[in-house]
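Notes for the one structure printed next.
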Amino acid sequence: MESSTQHRHSGHLPGVSPGRVVVVGGGIAGLAAAHRLLASGASVTVLEGSDRLGGKLYGGEIAGVGVDLGAESMLARRPEGVELARAVGLGGLLTAPDATTSSVWTRGALRPMPKGHVMGVPGDPAVLAGLLSPEGLARIAEERSLPPGDVGEDVAVGAYVAQRLGREVVDRLVEPLLGGVYAGDAYRISMRAAVPQLYAAARRHGSLLDAVRSLQAAPAASAPSGVSLPSGGPVFAGIEGGIGRLPGAVADAVRARGGGIRTRTPVLGLSRAADGWHVRTDQEVLSADGVVLATPAWSASALLAELAPKASAELAEIEYASMALVTMAFRRADVASLPEGSSGFLVPPVDGRTIKASTFSTRKWGWVDRAAPDLFVLRTSVGRYGEEEHLQREDGELVDASLRDLGDAVGLAAGPVATRVTRWVGGLPQYPVGHGARVARIRDAVGALPGLAVCGAAYDGVGVPAVVASAARAADLVTGAAGPRDA
């Protein structure tokens with residue numbers, strides 16, 4: 001979302017170009033910002049409060065096999081993520097999923113994920129045959145007889161799609177697809193913020209079916225994110241050994257260029273002074289000409305409470321969902337019941353199951369397959385917005401619940417040889433209706449303080465490319481490379 005305010009300041013102090021910059025936060029946003037700042041000639045120090053870098057990009061292992069314990073892929077049709085990987089020496093390790101066929105587990109059966117939709121919204125009701133009831137399909141077919149739709153300044157994805165096509169398409173497909181990205185509620189999530197291409201197309205077309213078809217007409221190579229075409233190049237990319245390798249590679253590149261990175265160094269306060277910025281940690285006060293806040297919204301809110309109270313208040317309103325990933329390794333001989341060639345399945349909340357998705361990692365990623373010829377690795381995800389009670393359960397309970405659902409879904413009866421539960425408390429920011437306007441207000445308020453910028457998943461998208469783009473925007477603003485509308 002672009003700010004309406006045009007800032008005249010250069011982003012750093014007069015006579016200092018580009019200056020000393022402190023990046024607060026060592027997730028992929030902070031590391032990407034540091035990488036770009038160093039390319040501009042800035043002197044950079046990254047401060048991370050925890051004992052590791054990377055945020056939700058987190059590599060680990062199970063039964064001796066390297067796996068991703070956080071995000072596992074990034075959009076390949078948006079360039080920022082893959083370009084960063086190439087820039088830090090991982091270009092030769094970029095890989096597409098081996099298996100891309102998936103299912104939706106709903107109404108008691110695994111049903112093939114349909115082709116030809118935009119985040120679950122079809123251009124032709126026929127593509128949802130078998131997934132929806134005959135009544136649900138008939139409801140979609142009636143859409144063009146409705147008065148033209150109006151999305152206004154913003155609208156909830158689920159509410160608008162239900163109004164135009166009926167609740168069944170939302171509950172059985174839109175909800176699980178959006179839930180896989182945001183762990184949120186489709187009836188609250190902003191169409192303008194979460195599916196901007198669909199929002200723009202819906203503004204141009206009175207019919208939602210026509211809006212989807214206009215997006216599907218785009219060439220496969222330039223298809224917007226969220227668009228499922230009948231054919232085309234890979235939508236997602238991973239990295240051999242796991243996308244969790246990306247933060248370490250970026251950190252190595254930052255250090256190689258002279259940047260400093262400190263973990264276990266929480267930032268306790270920010271202040272402005274005649275010589276620029278003072279960044280207070282539990283050990284010292286660092287002076288800087290610019291600061292990039294690459295932290296979750298609640299942390300940025302606390303740091304800006306006195307300096308930018310309006311921005312702080314808006315940041316405090318951004319809610320987060322929590323979730324857990326249950327990673328399990330099985331003997332290959334014990335998983336013969338899994339659908340051949342499938343990368344996994346999604347689960348609509350309306351079906352009342354514990355898990356919201358399962359990924360068959362060994363089928364999806366060739367590097368996992370090759371690393372453990374005798375094992376099969378899969379993972380489930382548990383928890384959505386408003387369902388934080390699941391995260392209060394013991395690890396064993398989450399494993400047992402996942403196994404029960406896997407047994408019902410795919411007939412899996414064997415016990416795993418190893419399990420690992422990774423909890424992401426407050427892991428995914430929510431984008432309700434009006435989120436874009438809130439982000440614009442935050443950036444207007446922050447922009448009144450020269451040399452300060454914010455970035456991360458809380459603003460323009462939760463995926464790796466969106467976060468990297470957010471980091472680049474913040475870095476350019478602080479060094480004065482951003483144009484007036486980029487502020």
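Which residue out of A418, A440, A448 is closer than 23 Å to I62 by Cβ, surrounded by fewer than 20 Cβ atoms within 10 Å (Cβ to Cβ) and in contact (Cβ under 8 Å) with a residue 12 or more places away in the chain? Going through A418, A440, A448 in turn, the sole match is A418. Scanning region 427-437 for residues that are among the small types (G, A, S) and open to solvent by less than 20 Å² (accessible area, probe 1.4 Å) yields a count of 2. Only one entry in A372, A316 is of a type in the set (A, V, I, L, M, F, W, C) and modelled with pLDDT of 95 or more, namely A316. L477 meets each of the listed conditions (1) open to solvent by less than 20 Å² (accessible area, probe 1.4 Å); (2) assigned to a helix (DSSP H, G or I); (3) in contact with a strand residue (DSSP E or B) (Cβ under 6 Å, 6 or more places away or on another chain) apart from (1).
Out of curiosity, is L268 in a strand (DSSP E or B) and either open to solvent by 10 Å² or more (accessible area, probe 1.4 Å) or modelled with pLDDT under 95 (or both)? Judged against the criteria, L268 is a match. Residues in region 90-97: is at least one open to solvent by less than 10 Å² (accessible area, probe 1.4 Å), at negative phi and not acidic (D, E)? Within region 90-97, not a single residue is open to solvent by less than 10 Å² (accessible area, probe 1.4 Å), at negative phi and not acidic (D, E). Restricted to region 175-192, and to residues that are touching a Gly at 6+ places or on another chain (Cβ under 6 Å) and either among the hydroxyl-bearing types (S, T, Y) or at pLDDT below 95 (or both), which residue is farthest from H435 (Cα to Cα)? Ranking the qualifying residues of region 175-192, first place goes to L177. Determine, yes or no, whether E284 is crowded, with 19+ Cβ neighbours inside 10 Å and of a type in the set (D, E, K, R). It is false that E284 is crowded, with 19+ Cβ neighbours inside 10 Å and of a type in the set (D, E, K, R). Which residues, taken from region 457-470, are open to solvent by less than 10 Å² (accessible area, probe 1.4 Å) and closer than 22 Å to G19 by Cα? Across region 457-470, the qualifying residue is only S470. Among residues of region 300-316 being part of a helix (DSSP H, G or I) and open to solvent by less than 50 Å² (accessible area, probe 1.4 Å), the one that is nearest to V279 (Cα to Cα) is L303.
Of all residues in region 414-439, those satisfying the criterion of being in contact with a helix residue (DSSP H, G or I) (Cβ under 6 Å, 6 or more places away or on another chain) and aliphatic (A, V, I, L, M) are A414, V421, L428. Taking helices (runs of 4 or more DSSP H) as the structural unit, those lying wholly within region 363-464 and holding at least 3 residues that are more than 24 Å from E314 (Cα to Cα) correspond to 366-371, 395-410.
The values are calculated or read from the model by the stated rules, or taken from the named source; none is laboratory data. Computed from a predicted model, the values in this text were never measured in an experiment. Glycine gets a Cβ as well: all are built from the backbone with ideal geometry, and neighbour counts include every protein chain shown. Note: accessible area is taken over every heavy atom of the protein model, side chains too, but ligands, DNA and RNA are not part of it. Shrake-Rupley method; radii C 1.70, N 1.55, O 1.52, S 1.80 Å.
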